[in-house]
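First up is the structure itself, then whatever we jot down about it.
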Amino acid sequence: MIIQSNQDLEKFCKLASRKKVLFIDTEFDRRNTYYSELSFISVYDGTKFWLIDCLTGIKVEALSKVLSNKKITKVLHGSQQDLEIFKHLQLPLNSLFDTQTAAQFCGFEQPISYANAVLKICKVSLDKQLQNSDWLKRPVNKKTIEYLKNDVKYLKPLYAFFLKELKKNKNFSYFKEEMSIIDQSSDTITSSLIRKKMNSNTINNKSFQSLLHTREQLAQKKNLPKNWIFPDSGILTIIKNKEYKDIKENKNLTFQEKKMFISKFKKIKVQKNNNKITNDNIIKLINIIRSEVSKNKNISEQLISNKNDTIAYLEDGLKKNSKWREKIFYKITDQLVKKNLKIKIKKNTIAF
């Protein structure tokens, strides 16, 4: 059923509020804006499909009681962007089960795509040709409707499979904690690209963070992609060369905004990293511990700690905020750093 009126949406909410599990996906457009423009919310209860057309002017805030209801498990795959959309629309989502994250607690190393998860577990090959469609286009045809249904249809068997595996491998409590913190945001703004090019001392510097926060706020205010203000890839070049041509010629900025950003760039200096780890073997030791923990617990290495996490831990003592990582990983690495770690080889495994 396609929902295009507030009356139908209210009826849906009454029915959905009585369900124990809902399988959800969103389609949106974000090519030219900071905030995603929501097109469809697809919902499946295991029997029936609802396709909520968000471009008809319906009041999506009516979904608040359903999405925030802690008694209803909401199953999504790779939920980060969905959560950003719901947060912007002031629709808090509780009792989340992310099948992509669940997969990493079941031995899948990298975050697996929905299509690959369906192929591996359900033995079904999905047609993803419409994935990059113009979701602001109306009307939609039958092929598009089938695509929207398929994006939630197989969440049901994925949910059943991973729920069973999580209980079997005793990682369910760790997974639940990760779900509770998945939407937490940090005051420190960064990206994988910035971390590749700049050290943590520069990234954490107040002047640098002020620059990134101002870009974020202006992008939100103008509803433009933040890279349209200035891209991550060009930040280090501007700081090093003191060349502001790209800022001066940026048509998305007013004269005063250009002047402000140039002033902020001039205040930033690339900081020396006195704690820089130059001995690769130290990183290798941490990676060995992570690898053994991953094997023993059947949890993705990348989920436990990626390359940037490891460097931040060794150089600045920063840890990913979670009790389960502290229990199974950081407790051991702290012992290594403090020179109190005993390592044994036992039955073809490394024991700590």
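What to note about this one:
- Here the helices (runs of 4 or more DSSP H) wholly within the range 294-352 that include at least 1 residues being closer than 18 Å to PRO111 by Cα are 301-304, 307-316.
- Taking the listed residues SER36, SER64, the one that is at pLDDT 95 or above and either within 27 Å of SER113 (Cα to Cα) or out of contact with any His (no Cβ under 9 Å at 6 or more places or on another chain) (or both) is SER64, with no other qualifying.
- Single unsatisfied condition, LYS11 versus (1) touching a residue at least 24 places away in the same chain (Cβ under 8 Å); (2) over 14 Å from PHE86 (Cβ atoms); (3) of a type outside the set (A, V, I, L, M): (1)
- Residue in the range 99-112 that is in contact with a Leu (Cβ under 9 Å, 6 or more places away or on another chain) and surrounded by fewer than 16 Cβ atoms within 10 Å (Cβ to Cβ) present: yes
- Residue in the range 200-210 that is in contact with a strand residue (DSSP E or B) (Cβ under 9 Å, 6 or more places away or on another chain), part of a helix (DSSP H, G or I) and more than 30 Å from GLU37 (Cα to Cα) present: no
- Any hit, the range 225-246, residues being in a helix (DSSP H, G or I), exposed (fewer than 15 other Cβ atoms within 10 Å of the Cβ), outside the structural domain of LEU93 (by TED's automatic domain parsing) and touching a Lys or Arg at 6+ places or on another chain (Cβ under 7 Å): no
- Yes/no for SER180 being of a type in the set (Gly, Ala, Ser), surrounded by fewer than 17 Cβ atoms within 10 Å (Cβ to Cβ) and either in a helix (DSSP H, G or I) or in the same structural domain as PRO92 (by TED's automatic domain parsing) (or both): yes
- Any chance LEU15 is of a type in the set (A, V, I, L, M, F, W, C), at pLDDT 95 or above and surrounded by fewer than 18 Cβ atoms within 10 Å (Cβ to Cβ): yes
- Only a single item in (1) touching a Lys or Arg at 6+ places or on another chain (Cβ under 8 Å); (2) not assigned by TED's automatic domain parsing to the domain that holds MET198 is not met by ASN250, and it is number (2).
- When ASP127, ASP151 are screened for being of a type in the set (Asp, Glu) and touching a Ser or Thr at 6+ places or on another chain (Cβ under 9 Å), only ASP151 passes.
- Residue count for the range 1-50 under the criterion of being in a strand (DSSP E or B) and under 18 Å from LYS156 (Cα atoms): the result is 12.
- Failed item, numbered, when GLN302 is tested on (1) in contact with a helix residue (DSSP H, G or I) (Cβ under 7 Å, 6 or more places away or on another chain); (2) surrounded by 15 or more Cβ atoms within 10 Å (Cβ to Cβ): (1)
- Subset of the range 132-177 (residues that are buried (at least 17 other Cβ atoms within 10 Å of the Cβ) and more than 24 Å from LYS120 (Cα to Cα)): TRP135, VAL140
- Reported count of residues in the range 110-132, each being within 16 Å of the chain's Cα centre (by Cα) and either closer than 23 Å to SER291 by Cβ or not hydroxyl-bearing (Ser, Thr, Tyr) (or both), is 3.
- Any pair with Cβ under 9 angstrom, 6 or more apart, that starts in the range 257-274 at a residue that is at pLDDT below 90 and among the hydroxyl-bearing types (Ser, Thr, Tyr) and ends at one that is outside any loop (DSSP other than H, G, I, E, B) and loosely packed, with under 14 Cβ neighbours inside 10 Å: none
- Check on ASP187, within 22 Å of the chain's Cα centre (by Cα) and in a loop (DSSP other than H, G, I, E, B): yes
The values are calculated or read from the model by the stated rules, or taken from the named source; none is laboratory data. This structure is a prediction, so every number in the text was calculated from the model and none was measured. Glycine also receives a Cβ, built like all others from the backbone with ideal geometry; neighbour counts cover every protein chain displayed.
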